[in-house]
1. Taking residue 118 as meeting all but one of (1) more than 26 Å from residue 150 (Cβ to Cβ); (2) modelled with pLDDT of 95 or more; (3) surrounded by fewer than 19 Cβ atoms within 10 Å (Cβ to Cβ), write down the number of the exception.
2. Considering only segment 142-153, state which residues are in contact with a helix residue (DSSP H, G or I) (Cβ under 7 Å, 6 or more places away or on another chain) and buried (at least 22 other Cβ atoms within 10 Å of the Cβ).
3. What single numbered condition from (1) more than 19 Å from residue 33 (Cβ to Cβ); (2) more than 13 Å from the chain's Cα centre (by Cα); (3) of a type in the set (Gly, Ala, Ser); (4) at pLDDT 95 or above fails to hold for residue 159?
4. Do we find that residue 30 is within 19 Å of residue 158 (Cα to Cα) and modelled with pLDDT under 95 in this structure?
5. Which count do you get for residues in segment 42-88 that are closer than 22 Å to residue 126 by Cα and free of Cβ contacts under 8 Å to residues at least 40 places away in the same chain?
6. Quick check on this structure: which one of 94, 108 is buried (at least 17 other Cβ atoms within 10 Å of the Cβ) and in contact with a Lys or Arg (Cβ under 8 Å, 6 or more places away or on another chain)?
7. Given the conditions (1) within 13 Å of the chain's Cα centre (by Cα); (2) farther than 20 Å from residue 41 by Cβ, report the number of the one that residue 101 does not fulfil.
8. If residue 16 satisfies every condition in (1) assigned to a helix (DSSP H, G or I); (2) at pLDDT 95 or above; (3) under 16 Å from the mean Cα position of the chain (by Cα); (4) surrounded by 15 or more Cβ atoms within 10 Å (Cβ to Cβ) but one, which is the exception?
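The values are calculated or read from the model by the stated rules, or taken from the named source; none is laboratory data. Just so we're clear, the structure is a prediction, and the values are computed from it rather than from any experiment. Ideal geometry is used to build each Cβ from the backbone, glycine not excepted, and the neighbour counts take in all protein chains shown.
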Amino acid sequence: MFYCRLIFLVLFISCASSAWTMGDLSSLRVQSPLIGMEAPDVVLSKMDGTSASIIGSREGQKAILVFWATWCPHCYEELGFINAHLASIEQKGVKIILVDIGESKEDVSNYFKERQMKLMSFLDENGYLQETYHLIGVPTIMFIDEKGIVQSSTHQFPSDYENYFSSK
């Protein structure tokens, strides 16, 4: 598990550092083989002990799917932004779906409690979705339209996130 996290972190840092040298990371869309395809669905446990379909939980709405981990400092920043703006994002008909990669329910619950975040996350304790979603680091943020199609992907929550629901 340690080596998996280490490889994940090294890949993210190498990709992110090259992006920062190119300019504003928030405008950088990440290439993904899933863009233009239906978002893969799986049933996962949630922090509250229930299980649900990650893509089905968007209930026909646009969704922002955020893959993250408690050890990731950039994830902390992105989750803080989401936590602060959750109401306004949801008022625009956009569902936020969080998926923690590779950690236990206790770790994730404690992380949110310590940081006073009122968010709910799915738990991919075995890291199954890393391969399914072709993740090269966390945070990875995917924008899924009303039909369940992945439109774009990035590593930072963009202020103009509504523009990311098209693959242009």
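1. (2)
2. Residues of segment 142-153 in contact with a helix residue (DSSP H, G or I) (Cβ under 7 Å, 6 or more places away or on another chain): 143-145, 151-152.
Matches in segment 142-153: 143, 144, 152.
3. (4)
4. yes
5. 7
6. The conditions single out 94.
7. (2)
8. It is condition (2) that residue 16 fails.
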